[in-house]
1. For the stretch 221-234, what are the residues that are in contact (Cβ under 8 Å) with a residue 60 or more places away in the chain and either surrounded by 19 or more Cβ atoms within 10 Å (Cβ to Cβ) or within 21 Å of ALA74 (Cβ to Cβ) (or both)?
2. I want to confirm something. Restricting to the stretch 166-207 and keeping residues that are within 12 Å of the chain's Cα centre (by Cα) and assigned to a loop (DSSP other than H, G, I, E, B), which single residue is nearest to MET143 (Cα to Cα)?
3. How many residues are farther than 26 Å from LEU104 by Cβ and charged (D, E, K, R) if we restrict to the stretch 168-226?
4. In the stretch 143-180, how many are out of contact with any strand residue (DSSP E or B) (no Cβ under 7 Å at 6 or more places or on another chain) and either without any contact (Cβ under 8 Å) to a residue 60 or more places away in the chain or of a type in the set (D, E, K, R) (or both)?
5. So VAL160 fits all but one of (1) aliphatic (A, V, I, L, M); (2) exposed (fewer than 15 other Cβ atoms within 10 Å of the Cβ); (3) over 20 Å from TYR234 (Cβ atoms); what number is the exception?
6. Does the stretch 79-135 hold any residues that are buried (at least 20 other Cβ atoms within 10 Å of the Cβ) and basic (Lys, Arg), and which are they?
7. In the stretch 194-220, what count of residues is obtained for those that are surrounded by 13 or more Cβ atoms within 10 Å (Cβ to Cβ) and either touching a Leu at 6+ places or on another chain (Cβ under 9 Å) or of a type in the set (A, V, I, L, M) (or both)?
8. Taking the stretch 99-126 on its own, how many of its residues are in contact with a Pro (Cβ under 9 Å, 6 or more places away or on another chain) and assigned to a helix (DSSP H, G or I)?
Amino acid sequence: MNAECAEDLKSRILKIELGVHVYNDSYLLDLLYDKYIELENEYRHALRELNGERLNNQKPAKKERLPKVRVVEAARLQWVMNIHEPPAPHWEEIDKYIRSKDGLGWDWEQPYTRNGQFQWCGAFAAWCYRQIGLSYQIRRHHMASCYRLYTWAKSNDCLVSMPIPGDIVIVGVSEKEHPLYRKWGNHITICETVQDEGVSTFEGNAKGTLGTKKIGEGVVRQFRPFKKDKDGQYVVRHIVRFAEEHFLTP
């Protein structure tokens with residue numbers, strides 16, 4: 001294996017990384033990622049050969065489960081239901097996100113009847129991820145807040161640098177001197193699509209475009225940039241991608 005072959009492998013890897021930003025089909029995403037892992041392992045092997053390293057007992061690249069497009073579809077279906085904060089229509093769905101085992105499962109909370117009673121952005125993401133079988137224990141213990149989710153994701157190697165559709169995107173203020181700045185972010189969203197300047201998201205407990213295409217509060221579609229263009233703006237801070245083993249326990 002020579003340096004030219006290693007560079008060719010790296011080029012092919014980069015093309016796949018770009019490709020996963022484009023496709024919203026779960027089967028194609030899985031095919032792309034299978035090839036990505038294969039090439040990544042070849043590339044690591046090539047670099048070790050070039051560096052004269054011994055190849056025994058070297059761990060292969062970790063294969064992660066791609067977030068399924070069904071997560072995005074689950075979020076979109078909630079969005080088109082036009083779920084508002086109470087007392088507007090369909091606000092009862094928010095209580096399901098928070099208290100039912102299909103969401104957070106925080107059944108000790110009082111029924112949600114008042115805007116601002118519970119910060120439910122993580123509960124909405126938990127409900128959507130339940131649709132593809134994310135572990136109840138993860139949803140219950142780690143998705144109620146940015147702090148809980150970021151801390152768990154960091155310690156479990158679930159933070160990634162490049163978002164793809166279906167990833168959880170934690171957004172927030174990026175200026176450390178801002179009073180709302182938190183290292184772990186401020187708000188949990190689900191990536192719908194990735195664009196050059198940022199990500200289109202579905203999110204709960206937010207203000208944005210409702211399913212009626214009007215601006216309001218509830219389950220909304222938003223755009224979150226990678227870089228701020230005004231003070232206090234919520235930008236992409238952290239990206240969480242669950243691994244395959246996290247989906248094995250219903």
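The values are calculated or read from the model by the stated rules, or taken from the named source; none is laboratory data. This is a predicted model, so every value here is computed, not measured. Cβ: placed from backbone, ideal geometry, glycine included. Neighbour counts: every protein chain shown.
1. Residues satisfying the conditions are ARG221, TYR234.
2. Keep residues of the stretch 166-207 that are within 12 Å of the chain's Cα centre (by Cα), which gives 166-171, 187-194, 199-203.
When the remaining residues are screened for being assigned to a loop (DSSP other than H, G, I, E, B), the result is 166-167.
Details: GLY166: 15, ASP167: 14 Å.
Checking each candidate, the answer is ASP167.
3. 7
4. Residues meeting the conditions: 16.
5. It is condition (3) that VAL160 fails.
6. ARG99, ARG130
7. Number of matching residues: 9.
8. The qualifying residues number 1.
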